[in-house]
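K.L.:
Below is a structure I'd like to ask you about.
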Amino acid sequence: IYGALSEIYRREPKPLHHVLFSGRGAACVDMMLLNLCFFCCVMYVDFAVDLLTPSLSGLLGGFISSNIHPRSVHLALIIWVGVFPLCSLRDLAALAPFSMVGVGSVFFVAAFMVLRSLDGTYAPGGIYWTALVVLGHTDPIEEAAENPKGTSSPLEGFINAGKLFGTLALGFCSHYNAAEYYKSLTLPTPAKFARTSTIAYATVAAVYSIVMISGQQTFGSDCKATILNNYHPSADMGASMGRIAIAISLITSFPLIFSGLRRSALDALGVNVPSGTPKNHDSSSNFPAALEDGGSTSGNSSYTLGKDGEAQKNLATLALLVCVHATSWLMPDVGYVVGILGSTFGAATIFAVPGLLSISHWRSIGAQPIKVALETEALLPMGVLSWALVCGSAVLTFLAFPY
């Protein structure tokens, strides 16, 4: 649906929901995406802090006053030294080389976790099990020994399923950038977009499954939210390398999520950031940049901002990063909030919004092919019902049984 609509409206400077929805409908979607992107950014920062804390503590331990919590220092360094310069880039295409680093990091960690689930080093009596006991990290190990297969009661299974729904809805929710991804393809077509998306989602699902199964087989049912922190903080070199690699991947991919947040915030405030003039402009391809801050478009065109747009973008970047910093500092364990947001806004973005966009388009032109009707009018109630079930079960689960 997103691929077909992106092709139809590829020359339209406004987001799809602003083109196809009324003022209130578009405003609702803006606020939904704003909340979703904001807490995704908070989640990225929290994960990066958790992953880098062992390394940063060793490097900066002697320089941090005992009156200052180390996490506060690590958080400030990651946001203002690591993330802020990247979010201020005029052209996010400069981050493209890091995307392969991120992909490589994920596959490395997945392979490492499979190895540790098979080699027995974290089983009772194993070399790293013994090292963790010496450090006093006994709770997850004892839990793994008592419940090695992660068995649980039906009630606990339902509770965990509710948390899983919210997490998956957030983990697989890239729909808010679908039009931008479409335009970033070389010679984009709906069929090519569908094929690429299918391969990407299948690959991600396979990696997620491998990581979840390996973590459960190694540590039982008591896996930490940041799974790599279950492993020995220093003795296990593979875990240390994985933490650093994934943290670098999170920091370098953060601007892509942040761009969606900034765009949603400016849309919600009614601020129109001018696109400026295109470089290598081709009059036959007059659609805007994939990202309003100078991202790549299909083909070889890219856009630069004018002075007014650049100032507005920089001000929004600074203000939003301050908000992300404050929220991450106040809520170091954001899993509870992210779970609720993933199960509400994330699930709505996946299940409900695409069908509503398609219906709005076909009704606006007064025609709707039978195939499209089956894909939207008939499937939309199923999507809304799925969203309601996911949303209801996950919200009740999180309210009754928080992390």
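The values are calculated or read from the model by the stated rules, or taken from the named source; none is laboratory data. Just so it is clear, the model here is predicted, and its values are computed rather than measured. Reconstructed Cβ throughout: ideal geometry from the backbone, glycine too, with neighbour counts over all protein chains shown. For the accessible areas, the whole protein counts, side chains as well, though only heavy atoms, and no ligand, DNA or RNA atoms are used. Shrake-Rupley method; radii C 1.70, N 1.55, O 1.52, S 1.80 Å.
K.L.:
Residue pairs, Cβ under 8 Å, 6 or more apart or interchain, first in segment 38-58 and of a type in the set (S, T, N, Q), second crowded, with 23+ Cβ neighbours inside 10 Å and in a helix (DSSP H, G or I). List them.
P.N.:
Between residues of segment 38-58 that are of a type in the set (S, T, N, Q) and residues that are crowded, with 23+ Cβ neighbours inside 10 Å and in a helix (DSSP H, G or I), the close pairs are SER55/ARG243.
K.L.:
Within segment 24-60, track down each residue that is modelled with pLDDT under 85 and more than 24 Å from ALA348 (Cα to Cα).
P.N.:
THR53, PRO54, SER55, LEU56, SER57, GLY58, LEU59, LEU60
K.L.:
Right, another one. In segment 112-124, how many are over 11 Å from GLN217 (Cβ atoms) and open to solvent by 60 Å² or more (accessible area, probe 1.4 Å)?
P.N.:
3
K.L.:
Let me ask something else. For segment 1-59, enumerate the residues that are acidic (Asp, Glu), open to solvent by 40 Å² or more (accessible area, probe 1.4 Å) and either under 30 Å from ILE78 (Cα atoms) or touching a strand residue (DSSP E or B) at 6+ places or on another chain (Cβ under 8 Å) (or both).
P.N.:
Selection gives ASP50 alone.
K.L.:
Shifting gears a bit: Collect the residues in segment 98-111 that are aromatic (Phe, Trp, Tyr) and open to solvent by less than 60 Å² (accessible area, probe 1.4 Å), keeping them in residue-number order.
P.N.:
None - no residue of segment 98-111 is aromatic (Phe, Trp, Tyr) and open to solvent by less than 60 Å² (accessible area, probe 1.4 Å), so the list stays empty.
K.L.:
Residue under question is PHE63, and the condition is that it be at pLDDT below 90 and open to solvent by 60 Å² or more (accessible area, probe 1.4 Å); does it hold?
P.N.:
So PHE63 passes the test.
K.L.:
From (1) in a helix (DSSP H, G or I); (2) surrounded by fewer than 16 Cβ atoms within 10 Å (Cβ to Cβ); (3) small (Gly, Ala, Ser), pick out the condition that doesn't hold for SER234.
P.N.:
Of (1) in a helix (DSSP H, G or I); (2) surrounded by fewer than 16 Cβ atoms within 10 Å (Cβ to Cβ); (3) small (Gly, Ala, Ser), only one is false for SER234: (1).
K.L.:
Can you tell me which residues in segment 77-90 are crowded, with 18+ Cβ neighbours inside 10 Å and closer than 19 Å to GLN312 by Cβ? Let's see the steps before the verdict.
P.N.:
Step one: of segment 77-90, the residues crowded, with 18+ Cβ neighbours inside 10 Å are 78-79, 82-83, 86-87.
Once the filter is applied, which keeps residues that are crowded, with 18+ Cβ neighbours inside 10 Å and closer than 19 Å to GLN312 by Cβ, segment 77-90 yields LEU86, CYS87.
K.L.:
Taking only segment 176-202 into account, find how many residues are assigned to a helix (DSSP H, G or I) and surrounded by fewer than 12 Cβ atoms within 10 Å (Cβ to Cβ). Spell out the reasoning first.
P.N.:
Kept after step one, since they are assigned to a helix (DSSP H, G or I), are these residues of segment 176-202: 176-184, 190-202.
Now narrow it down to the ones that are surrounded by fewer than 12 Cβ atoms within 10 Å (Cβ to Cβ): 191, 198-199, 202.
Here the count works out to 4.
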